[in-house]
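Peer 1: For reference, the structure I am asking about is given below.
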Amino acid sequence: MAYEHGVASLATVVGLARNWKRHDLPMLAGSIERWGYLAPITINRTTGRLLAGHGRIDALQQRKNAGGKAPIGIQEQAGEWYIPAYFVEVSEGEEEAAATALNRSQERGGQDDELLAQVLNDIKAHDATLLAIAGYTDEEFEALLQDSGIGAPNVDFKEYDEQVESEVQYCTCPNCGHRFPK
């Protein structure tokens, strides 16, 4: 399979007719506005159709149509925008499978929720506006914190008395033997 890197004209990029993936265009637009254009698209040289990057192309097209400037990472010549691209050769009969594989490979790997929660927590601490640009609402972030065990649990505490003491459940640390309330 031939593979090369180059640029593609925004005006000539043709997406797959049956691109099933949905995109958060405001999030993509915010990301492009903040950091510029970060990742090349993938074009099937065999058919000239886009295999990966439909959402980014849509966000760029909206920006250009609104009279916006070409973002960092996009070359502009004589009013035309040129996008970094990978060119591959996939048979026409296999291009939808290749495009699907590009999308699913990112989904199938799953994620480490605890590590993601830590990363998002640091992002929010640095600049809370970056959370939305990174693709997370405050509600999604808070749910992730709770699900990963990083966030403080919502617990109704009772005042201490002897009756409450009998309701407390304990855990024992397997390393040091310390007992602590659950």
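Peer 1: Report, in cubic angstrom per residue, the convex hull volume of the C-alpha atoms of the chain. It would help to have the intermediate numbers written out before the result.
Peer 2: Numbers: hull volume 35.8 nm³, N = 182.
Measuring per residue, one finds 197 Å³ for the Cα hull of the chain.
Peer 1: For an R0 of 35 angstrom, estimate the FRET efficiency from the Cβ-Cβ distance between Cys176 and Asp112 and round to the nearest 0.05.
Peer 2: Result of the calculation: an efficiency of 0.85.
Peer 1: Shifting gears a bit: Using a probe of 1.4 angstrom, how much of the accessible area of the chain is carbon and sulfur, in percent?
Peer 2: Reported share for carbon and sulfur atoms: 51 percent.
Peer 1: Just to confirm, what accessible area per residue do you get for segment 1-147 at 1.4 Å probe, in whole Å²?
Peer 2: Per residue, segment 1-147 has 60 Å² of solvent-accessible surface.
Peer 1: Per the helix-only calculation at 222 nm, which mean residue ellipticity applies to the chain, given -39500 (n - 2.57) for every DSSP H run of n ≥ 4 and division by its residues, nearest 500 deg cm²/dmol?
Peer 2: It comes out at -11500 deg cm²/dmol, rounded to the nearest 500.
Peer 1: Additional query: Please list, in chain and number order, the residues 5+ apart from Glu89 or on another chain whose amide H is under 5 Å from its amide H, with Hs placed from the backbone.
Peer 2: Answer set, sorted by chain and number: Ala2, Arg45.
Peer 1: Quick one: what are the phi-derived ³J(HN,Hα) couplings along segment 66-81, Karplus 6.51/-1.76/1.60 with θ = phi - 60°, whole Hz, x for glycine and proline?
Peer 2: Result, rounded to whole Hz: 7, x, x, 7, 4, x, 4, x, 10, 7, 10, 9, 6, x, 9, 9.
The values are calculated or read from the model by the stated rules, or taken from the named source; none is laboratory data. Small disclaimer: the values here were computed from a predicted structure and weren't measured. Positions of Cβ are generated from backbone atoms using ideal geometry, with glycine treated the same way; all protein chains shown enter the neighbour counts. All accessible areas refer to the heavy atoms of the entire protein, side chains included, with ligands and DNA or RNA removed. Shrake-Rupley method; radii C 1.70, N 1.55, O 1.52, S 1.80 Å.
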